[in-house]
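Contents: one structure, followed by commentary.
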Amino acid sequence: MKMITTMKKKRYNLPPGPWGLPLVGYLPFFGPLPHFTFTEMRKKYGDVFSVSMGSWPTVVVCGSDAIKEALVTKRDDFAGRPPFITSHLLHDGTNFAFSAYGAASKTQMKIVSNVLNTFSNARKNPVEDIIRSDAKILVEEFLSHGGKSFCPLEQLSVAAFSMVYQLCYGPHRNIREDKDFMEAIKQLDTFTDFAKAGSTIDVLPWLRYVMPSKISKFLDLCKMVEGARINKIKEHESSFNERNLRDITDGLIHAGNALSKEEKTLGIDKTLILQNLDTICGAGTFAVSSYLKWFVGLMAAWPEVQEEVFQQINDVVGQDRDITLADRTQLPLLEATAYEILRFVGIFTLPHSTTCDTTLQGYDIPEGTVVLVNVHSAFMDEKVWGDPKVFRPQRFLDSEGQLDRGIVEQVPAFSLGRRRCMGEALARIQLFIFTGTMIQCVKFFKPPKQPDFELQPKFGLTLEIEPYDVCVIKRE
């Protein structure tokens, strides 16, 4: 009630916006793709406008300038997370990705970020081998269809989860022999189903009494995930060697062992640090999975782009050796294609909330306001991109055919500011090696009997894609 009262007191200077309905606010009008709805609303209300999500006063931020003001210029003011029910179900609200912004969460984020960056940049680590191995396994699975059309989405989900799981817990000769991995695969759909319903429960909390089975299933799933994580940690601790950190779990164990007195006084302990494995594994899987599903579909939909990328790979690497991270500077079009996919799709950004009374673009934004950052509006802005609905990776290249860093900075696909994705460096390695290996080995094309090949988005944990069929053949 405090937040709503605060909003009324400052109503004279709040961002404009539409009226909502009692109890539910503007939720019924969000539509199946809220980011599209918000982009259209921007035309009427401007870059910053108000909507009501159930009992939560909310501000939507659109356009590059407003997004940067909120997340960069005033990053501390907009670094909070809404205290949603689902946030508290995840480790009682101590999860660093969803917890309130403060000294404890900042310290947790710093620790996890250091571990991920160290693991990503280590000279001797299994990152590239794991990614490349999963890509080649997927190549064989795709080729097993004999060039006939099939839906690749489930196989791509498994490949994404396999990569992230092995990065967290170590490489496995045959990941499908790992019982914890196979059990987790079965639960992915359950988790996704709850996340969709959970977002509604968050803004309409009384629904938890209407659909208690949803909450129960999610809690059961959390216990299963926690049990699997604890088993993996025990296995790692029995053979832990601080001089040989094998994976992200080892890195977090080492960080937990090295906590300072100051960090411990904030309530941070080794158990809390290791709980972050669930977030790293879950967030990494869904983000990478969404990207790969769009990647395959877009390569089939834009064959001329696919062929240009392949030609550059063939000229630089050939087909007799594997693509490595060392090839990155020589394959700017492959990197540009990754950025164009991220721009074209605008995959995901978690809700923020304000940590204090602040302003944005001249409007008052009270403390505790939910803030939705509509990256789609920035990625599809005709004033910035000219032809945003055209899939054109060359827009990220300069006159000499090299990656244009100035243009790249216009695509904050991993968010900005205090809540920027800490796994960004690792994710970029995954996208480069995996997609490069796939294009090097196979060719994607539309099913011959499907002339109208359209890729349709759907809203979920990330911006997912509706099922589609594709054909795959081996490159000779």
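The values are calculated or read from the model by the stated rules, or taken from the named source; none is laboratory data. Just so you know, these numbers come straight off a predicted model, no measurement behind them. With ideal geometry, Cβ positions are generated from the backbone for all residues, glycine too; neighbour counts draw on all protein chains shown. For the accessible areas, the whole protein counts, side chains as well, though only heavy atoms, and no ligand, DNA or RNA atoms are used. Shrake-Rupley method; radii C 1.70, N 1.55, O 1.52, S 1.80 Å.
Over the chain, the fraction of Cα-Cα pairs per 20 Å bin, rounded to whole percents and listed from the shortest bin up, is 23, 57, 20, 0.
When the listed pairs 110/179; 136/179; 136/234 are checked against a 26 Å cut-off, the alpha-carbon distance exceeds it for 110/179; 136/234.
Here's the picture: a label point sits 7 Å out from the Cα of residue 13 along the beta-carbon direction, and within segment 355-393 the residues with their amide nitrogen under 11 Å of it are 358-360, 362-366. Computed from the alpha carbon positions, the gyration tensor of segment 31-70 leads to an equivalent ellipsoid with semi-axes of 17, 13, 9 Å, biggest first. Taking the charge dipole of the chain about its Cα centre, with +1 at Lys and Arg Cβ atoms and -1 at Asp and Glu Cβ atoms, the residue from 472, 144, 257 reaching farthest to the positive side is 257.
Please give, to one decimal in nm, the separation of the simple spin-label points placed at residue 129 and residue 216, each 7 Å out from Cα toward the Cβ. Going by the 7 Å Cα→Cβ label model, 4.6 nm. Once all protein chains are placed together, residue 429 keeps about 10 Å² accessible to a 1.4 angstrom probe. For segment 344-469, the convex hull drawn through the C-alpha positions has a volume of 170 cubic angstrom per residue. A straight line joining the Cα centroids of segment 28-53 and segment 232-248 runs 47 Å. Surface analysis of segment 219-307 yields an accessible area of 44 Å² per residue, using protein heavy atoms and a 1.4 Å probe. Rolling a 1.4 Å probe across all protein chains gives residue 474 an accessible area of roughly 130 Å².
For residue 148, the aspartates and glutamates whose Cα falls under 16 Å of its own Cα, not counting residues fewer than eight places away in the same chain, are 140, 469.
Placing a pseudo-label 7 Å from each Cα along the Cα-to-Cβ vector at residue 382 and residue 325 gives an inter-label distance of 4.2 nm. The charge dipole of segment 315-457, taken about its Cα centre with unit charges on the Cβ of Lys, Arg, Asp and Glu (plus for the first two, minus for the last two), comes to roughly 340 debye. Restrict the search to segment 372-437; then list the trypsin sites (Lys or Arg not before Pro) that DSSP places in a loop and that have at most 16 other Cβ atoms within 10 Å of their Cβ. When the trypsin sites (Lys or Arg not before Pro) of segment 372-437 are filtered for loop state and at most 16 Cβ neighbours within 10 Å, 389, 420 remain. Computed about its Cα centre, the charge dipole of the chain is approximately 1160 debye, with only Lys, Arg, Asp and Glu carrying charge at their Cβ. When nucleic acids and ligands are ignored and a 1.4 Å probe is applied, residue 148 ends up with an accessible area of around 150 Å². Each of 116, 431, 37 was placed along the dipole of the chain (beta-carbon charges, centred on the mean Cα), and the one lying farthest toward the positive end is 37.
Over segment 379-438, the fraction of Cα-Cα pairs per 10 Å bin, rounded to whole percents and listed from the shortest bin up, is 18, 42, 37, 3. Computed from the C-beta positions of residue 40 and residue 244 and an R0 of 45 Å, the FRET efficiency is 0.25 to the nearest 0.05.
Between segment 430-445 and segment 142-176, the alpha-carbon centres lie 13 Å apart. Sorting the segments 368-375, 106-113 by their mean number of nearby beta carbons within 10 angstrom, highest to lowest, gives 368-375, 106-113. Once the chain from residue 148 to residue 399 is taken as fully extended at 0.36 nm per residue, the excess over their C-alpha distance is 86.4 nm.
Note on residue 359/residue 260: beta-carbon distance plugged into 1/(1 + (r/R0)^6) with R0 of 22 Å gives a FRET efficiency of 0.05. Note on residue 449 and residue 73: with the Förster distance fixed at 56 Å, the Cβ-Cβ geometry gives a FRET efficiency of about 0.60. Per-atom-type breakdown for the chain gives carbon and sulfur 53% of the accessible area (1.4 Å probe, protein chains only).
For the pair residue 237 and residue 304 in one chain, pulling the backbone fully straight at 0.36 nm per residue adds 19.1 nm over the alpha carbon distance. If you take the alpha carbon atoms of segment 246-362 and fit the smallest convex hull around them, that volume is 206 Å³ per residue.
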